[in-house]
Amino acid sequence: MSDAQDGAAGATDPAPPVEEPTATVATILAEVRDTAPTAEREQIAEMIRERLQRAGVELPDAEVEQLTTQIVDGHA
């Protein structure tokens, strides 16, 4: 009986996929790159921070700076 209860609980409250934050960050980078190809570095960093916050993804400032560099340098 507990199996049925566990199955029902799993069906109503599925765990989020493990890769979701990575996919979200990749999507955000693509959007920022496409939206602001000529924006200044600080504008790009702020756009990344805002979109990460809206998506509920927390990254350290150093990582946001690395992502910003990827866009500025054309590697994202």
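The values are calculated or read from the model by the stated rules, or taken from the named source; none is laboratory data. No experiment lies behind these values; they were computed from the predicted model shown. Every residue, glycine as well, gets a Cβ built from its backbone with ideal geometry; the counts of neighbours run over all protein chains shown.
Observations on the structure shown:
- Filter pass, D3 being in a helix (DSSP H, G or I), over 18 Å from E65 (Cβ atoms) and at pLDDT 90 or above: no
- The listed residues are E31, E46, and the only one of them that is of a type outside the set (F, W, Y) and more than 15 Å from H75 (Cα to Cα) turns out to be E46.
- Among residues of the range 34-76, those that are in a loop (DSSP other than H, G, I, E, B) and either hydrophobic (A, V, I, L, M, F, W, C) or farther than 17 Å from A23 by Cβ (or both), counted: 12
- Residue satisfying all of: in the range 48-59; at pLDDT 95 or above and within 15 Å of T69 (Cβ to Cβ); surrounded by the most Cβ atoms within 10 Å (Cβ to Cβ) among these: I48
- If the condition is being farther than 15 Å from T69 by Cα and loosely packed, with under 15 Cβ neighbours inside 10 Å, then the range 20-30 contributes E20, T22, A23, T27.
- Filtered residues of the range 20-76 (kept if under 11 Å from the mean Cα position of the chain (by Cα) and among the polar types (S, T, N, Q)): T22, T24, T27, Q53
- Any chance E31 is at pLDDT below 65 and of a type outside the set (A, V, I, L, M, F, W, C): no
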